[in-house]
1. Can you give the extra length, in nm with one decimal, that the chain gains between Ile295 and Ile20 once fully stretched, where that is 0.36 nm per residue apart less the Cα-Cα distance?
2. Treat the count of other C-beta atoms within 10 Å as a stand-in for reagent exposure and order Ser175, Ser234, Ser79 from fewest to most.
3. Working out 0.36 nm times the residue gap between Lys276 and Asn328, then minus their Cα-Cα distance, what length gain in nm do you get to one decimal?
4. For the pair Asp250 and Glu146, how long in nm is the line joining their label points, each one 7 Å along Cα→Cβ?
5. Hey, can you grab everything whose amide H is under 5 Å from the amide H of Val115? Only 5+ residues off in sequence or another chain; H modelled, so Pro and N-termini drop out.
6. Ranked by Cβ crowding within 10 angstrom, fewest neighbours first, how are Trp49, Trp335, Trp233 ordered?
7. Working out 0.36 nm times the residue gap between Glu73 and Ile33, then minus their Cα-Cα distance, what length gain in nm do you get to one decimal?
8. Could you compute the net charge surrounding Cys337? Neighbours are other residues with a C-beta less than 11 Å from the C-beta of Cys337; K and R count +1, D and E count -1.
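Each value in this text was obtained by applying a stated rule to the coordinates, not by laboratory testing. Computed from a predicted structure; not experimentally measured. Cβ atoms come from the backbone with ideal geometry, glycine included; neighbour counts cover every protein chain shown.
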Amino acid sequence: MTCKELFPSSISSHQHIETILRSLRDYVGIHRIIFDDANRIGDTELVWWNDEYESIRVKPVVYRQSIMATYHEPHVALSFVRTAWEKGQCHQIFELSEETVDRYRPPETLVRIEVTWIRLGDLVVEIGSDLSEMTRLELELIAQREAYSQATRETLLSIERTRISRDLHDSIIQSLFAISLNLRAREEKEWAIEAIHQVITEIRSTIFEMTPTSRRPLTETIESIVALFANAWSTPPALSLHIEREIPDDLVHDVENVVKESLSNAARHARAQTVKVDVHVTPSRIEITVQDDGIGPSGKKRRKAGITSLALRATDRGGQYSLTEAENGGTVMQWTCPIN
């Protein structure tokens, strides 16, 4: 019930105070201070309250009830009463949860209440504002942030897996394939040790996404790749280079893998006698062409993973990839991208 008949006379003379307190949607309780023998605040007694004050409590509210006897963590509540008595006003954040069910009605979700303690003459007014709506929004925001963080982690993990998978396929596997071709064709094997060490370096770079501290000029890099496939055909691939500038390391990585994958595809599936490699780098563009005189793209088994990877490397750079049949038979692979 609203304790209308008990509104304290000591503040009822203050204009509009009673009207304001009655109109609040917040819960309101007015307490009279009880001093102990040492003239310190030792307790309070409730002298007025509104319906909202009563609605959150398990037990019926009684006139002149004690804070020390009825409040959850009463010493904490009394400390705020003392602060308000000394300073005029203070604020407290109080949570209704499963731990407070012996005193307060259990909410469906955690409810936070901001309690303002105000001294009015010889009384202390307790006004509790329900922050549960704000709490709900905060919890929703936290949940959204966690969901976003999880989605971001999963996306980054997927991107990283794709990068490692693509680099393993386009670079590592093709290098190992080229080494196996040379092992069959060449009697001396010392070169293989250096080549395998290079592959190990590539694996580390792929896994940890490390850029070499020093990189060979692009011309030397491409020449070494073509040389690695020299024994795949009766005559080594014909190489034509037109390099007008060096390019960023990440772009060098793509060029290496495009040349390796294209030569590997030709060696595995083209049944060709000759292969030509042309790399043209201008100040603004890269063009790579690998052509063979084999059975052509329609006559050989397509390697979907390799073709897809080459296409993705081009589109990721804003470039183009194509695999077409040459005029006199065979296959032409063209890969282009801008240099940003």
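1. In short, 89.7 nm is gained.
2. By the 10 Å Cβ count, ascending: Ser234, Ser79, Ser175.
3. 17.3 nm
4. Reported label-point gap for Asp250 and Glu146 is 3.3 nm.
5. Under 5 Å from the amide H of Val115: Gln92, Ile93, Phe94, Ser129.
6. Trp233, Trp49, Trp335
7. Extra length available between Glu73 and Ile33 comes to 12.6 nm.
8. Surrounding charge for Cys337 is 0.
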